[in-house]
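Take a look at the structure below.
The values are calculated or read from the model by the stated rules, or taken from the named source; none is laboratory data. Remember, it's a predicted structure, so these values are computed and weren't measured experimentally. Ideal geometry is used to build each Cβ from the backbone, glycine not excepted, and the neighbour counts take in all protein chains shown. Heads up: the accessible areas ignore ligands, DNA and RNA and are worked out on the full protein's heavy atoms, side chains in. Shrake-Rupley method; radii C 1.70, N 1.55, O 1.52, S 1.80 Å.
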Amino acid sequence: MTVEDTISAISTAAGEGGIGIVRISGEKAIEIAEKIFKAAGNKKISDAPDKSVIFGHVTEENGEIVDEAILILMRSPKSYTKENVVEIQCHGGSVALRSVLRRTFESGARPAEKGEFTKRAFLNGRIDLSQAQAVLDVIQAKTSAALKVAQKNLSGNTSKKIQNIRAEILNAVAHIEAMTDFPEEDIEEIEINRIDEKISRQIVEIEKFLENQSAGRILREGLETAIIGKPNVGKSSLLNFLAKTDRAIVTDIPGTTRDSIEEFVNVGGIPLKIIDTAGIRESDNLVEKIGIDRARNYAQKAEFILAIFDGSRPLTDEDREIFKLLENKNAVIILNKSDLPQKISPDEIKISDAPKISLSIKTGAGVDELLKIVSEKVGKIDFEMSFVRDEREADLLRRAIKNLKEARQTIKLGIGIDFVSIDLNAALECLSEITGDSVTDDIINEIFSKFCIGK
């Protein structure tokens, strides 16, 4: 694979739609487009000005029409990849799209790899690595708040802050090098203190990123939230209510849910990855037992738990077994079926720090209070902050802090000011891996392999 190749791919989601887009990028994009696209009025695509929109037909080599289409021309460097880009908008049926794509391959393009268009935008200097990963976050955003954060990162919010930190550290390195160029002169202690203060400030700035590490992950992946309880207490009904759709089967027959069902819901802009689990009880059914084991595992590893009980029935040993799963967990206790005569008092459920609420999913009574409590338990996220995207970035930031602290220790011990620059350069290397100024091909390939084909 070389950047000089001209690539093409379908850039719209699979399935039927009003339109579908085939994107071509590379030096020969316009040449390939002219081979497969016949413009109305026999206009020549290569003569058209940049940003032209041209109506015509995609044709086979023998002139047979494949599909009616609109061609959009974007010349280098004013395109997404900074290469020549042609986008062909045709009808959104899978057969039509695949036929147009086939014609691009027959005319000299090769299939694009996952994320290769964005990868080229990065390699050609249009965006840095942090912005490139924000493209994926925009595509995968599960709430409007998550989308807002991703868009800010795409516009360079995080990159600019990292670059500002790098600039301050570079300034300190330059200062040290200027001082060591004149070894015959005494280095004033006030100058060393200034460098130390500058390093200290950058440690604080990097630590601000790490404070939001979990928030960034939650915005991307959702807060893993398990709904647990006995069979037939309303777990699936709660999932359907939160998801605002009939996602799970609801019947009066206990044990309907045999496996775990996942759905994303939005609570105050924060995506919750809701998992409806099998009802926890003793069972001789092999399939149900597997589902119950999974429910117990989710209760152990979930970051947040919605524990639901049937308030119209007395507590049982199975309920008390569930109590044990909730100890020291971030949980909300829900007494469902408040529209029926109640047989459970909230005081009977002794789980420390877990708020309790009575509601009826059937009538909607208490639902607003539940959403309020869930929002409070999930916590607030400052969407204006910069976020650490993943563990790779977090690890690089922690290493940068370690190097900066070692630089300060070197200053404190008076080992020699020139040795301080070694630690500072190590910190710079870590920050450069976040923006992509210094990163290996293996890491680049790993990052872009997570993208879909066509982006």
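Yes or no, residue by residue, for (1) under 22 Å from Leu359 (Cα atoms); (2) touching a Ser or Thr at 6+ places or on another chain (Cβ under 9 Å); (3) buried (at least 18 other Cβ atoms within 10 Å of the Cβ):
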{"site": "Tyr298", "(1), (2), (3)": "no, yes, yes"}
{"site": "Glu303", "(1), (2), (3)": "no, yes, no"}
{"site": "Ala307", "(1), (2), (3)": "yes, no, yes"}
{"site": "Arg313", "(1), (2), (3)": "yes, no, no"}
{"site": "Thr316", "(1), (2), (3)": "yes, no, no"}
{"site": "Ile333", "(1), (2), (3)": "yes, no, yes"}
{"site": "Asn336", "(1), (2), (3)": "yes, yes, yes"}
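Note on the range 303-362: enclosed strands (runs of 3 or more DSSP E) holding 1 or more residues that are at pLDDT 80 or above, closer than 21 Å to Val374 by Cβ and hydroxyl-bearing (Ser, Thr, Tyr) are 356-358. Condition check for Ile127 on (1) under 15 Å from Ile453 (Cβ atoms); (2) β-branched (Val, Ile, Thr); (3) within 28 Å of the chain's Cα centre (by Cα): one failure, at (1). Within the option set Glu60, Glu4, Glu27, being among the charged types (D, E, K, R) and touching a helix residue (DSSP H, G or I) at 6+ places or on another chain (Cβ under 9 Å) holds for one residue only, Glu60. Applying the set (1) of a type in the set (D, E, K, R); (2) farther than 16 Å from Ala14 by Cα; (3) modelled with pLDDT of 90 or more; (4) touching a Phe, Trp or Tyr at 6+ places or on another chain (Cβ under 6 Å) to Glu106 leaves exactly one unmet item: (4). Restrict the check to the range 173-182 and report whether at least one residue is open to solvent by 50 Å² or more (accessible area, probe 1.4 Å), at pLDDT below 90 and aromatic (Phe, Trp, Tyr). Yes, the conditions are met somewhere in the range 173-182. The C-beta contact set for the range 316-329 (first residue on the phi < 0 side of the Ramachandran plot, second residue part of a helix (DSSP H, G or I) and open to solvent by less than 50 Å² (accessible area, probe 1.4 Å), distance under 6 angstrom, 6+ apart or interchain) comprises Leu325/Ala299. Basic (Lys, Arg) and modelled with pLDDT of 80 or more - does that describe any residue in the range 373-387? Among the residues of the range 373-387, not one is basic (Lys, Arg) and modelled with pLDDT of 80 or more, which makes the answer no.
If you check Asn193, Asn164, Asn232 for being out of contact with any Lys or Arg (no Cβ under 8 Å at 6 or more places or on another chain) and surrounded by 17 or more Cβ atoms within 10 Å (Cβ to Cβ), only one passes: Asn232. Any residue that is within 32 Å of the chain's Cα centre (by Cα) and surrounded by 16 or more Cβ atoms within 10 Å (Cβ to Cβ) - is there at least one of those in the range 28-36? The answer is yes, given that some residue of the range 28-36 is within 32 Å of the chain's Cα centre (by Cα) and surrounded by 16 or more Cβ atoms within 10 Å (Cβ to Cβ). Residues that are part of a loop (DSSP other than H, G, I, E, B) and surrounded by fewer than 18 Cβ atoms within 10 Å (Cβ to Cβ) within the range 367-383 comprise Gly379, Lys380, Asp382, Phe383, listed in sequence order. Is it fair to say Ser79 is modelled with pLDDT under 90 and crowded, with 23+ Cβ neighbours inside 10 Å? Spelling it out, it is not the case that Ser79 is modelled with pLDDT under 90 and crowded, with 23+ Cβ neighbours inside 10 Å. Take the conditions (1) over 23 Å from Val135 (Cα atoms); (2) assigned to a strand (DSSP E or B); (3) hydrophobic (A, V, I, L, M, F, W, C); (4) under 30 Å from the mean Cα position of the chain (by Cα); Val66 misses just one of them, which is (4). Listed conditions (1) more than 19 Å from Asp128 (Cα to Cα); (2) buried (at least 16 other Cβ atoms within 10 Å of the Cβ) are all met by Ala427, apart from (1). Of the helices (runs of 4 or more DSSP H) lying entirely inside the range 105-173, those containing at least 3 residues that are over 28 Å from Phe383 (Cα atoms) span 116-123. A Cβ distance below 9 Å, combined with a sequence gap of six or more or placement on separate chains, defines the contacts here; from the range 265-277, residues that are without any contact (Cβ under 8 Å) to a residue 24 or more places away in the chain reach residues that are surrounded by 21 or more Cβ atoms within 10 Å (Cβ to Cβ) and assigned to a strand (DSSP E or B) in the pairs Val265/Thr225; Val265/Pro271; Val265/Leu272; Val265/Ile274.
State whether the residues of the range 210-217 include one that is of a type in the set (A, V, I, L, M, F, W, C), surrounded by 19 or more Cβ atoms within 10 Å (Cβ to Cβ) and at pLDDT 80 or above. For the range 210-217, residues of a type in the set (A, V, I, L, M, F, W, C), surrounded by 19 or more Cβ atoms within 10 Å (Cβ to Cβ) and at pLDDT 80 or above: absent.
Residues are listed down the side, and each one gets a yes or a no for (1) within 14 Å of Thr104 (Cα to Cα); (2) open to solvent by less than 20 Å² (accessible area, probe 1.4 Å); (3) among the β-branched types (Val, Ile, Thr):
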| site | (1), (2), (3) |
| --- | --- |
| Ser8 | yes, yes, no |
| Glu16 | no, no, no |
| Ile24 | yes, yes, yes |
| Lys38 | yes, no, no |
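Counting the residues of the range 442-453 that are under 21 Å from Ser11 (Cβ atoms) and open to solvent by 30 Å² or more (accessible area, probe 1.4 Å) gives 5.
Comparison of Val388, Val439 shows that the only residue that is more than 22 Å from Glu303 (Cβ to Cβ), part of a loop (DSSP other than H, G, I, E, B) and open to solvent by less than 40 Å² (accessible area, probe 1.4 Å) is Val439.
Taking the conditions (1) touching a helix residue (DSSP H, G or I) at 6+ places or on another chain (Cβ under 6 Å); (2) modelled with pLDDT of 95 or more; (3) within 21 Å of His91 (Cα to Cα) in turn, Gly20 satisfies each one other than (2).
One residue alone among Glu83, Glu87, Glu16, Glu61 is closer than 30 Å to Asn445 by Cβ, part of a loop (DSSP other than H, G, I, E, B) and not small (Gly, Ala, Ser), and that residue is Glu83.
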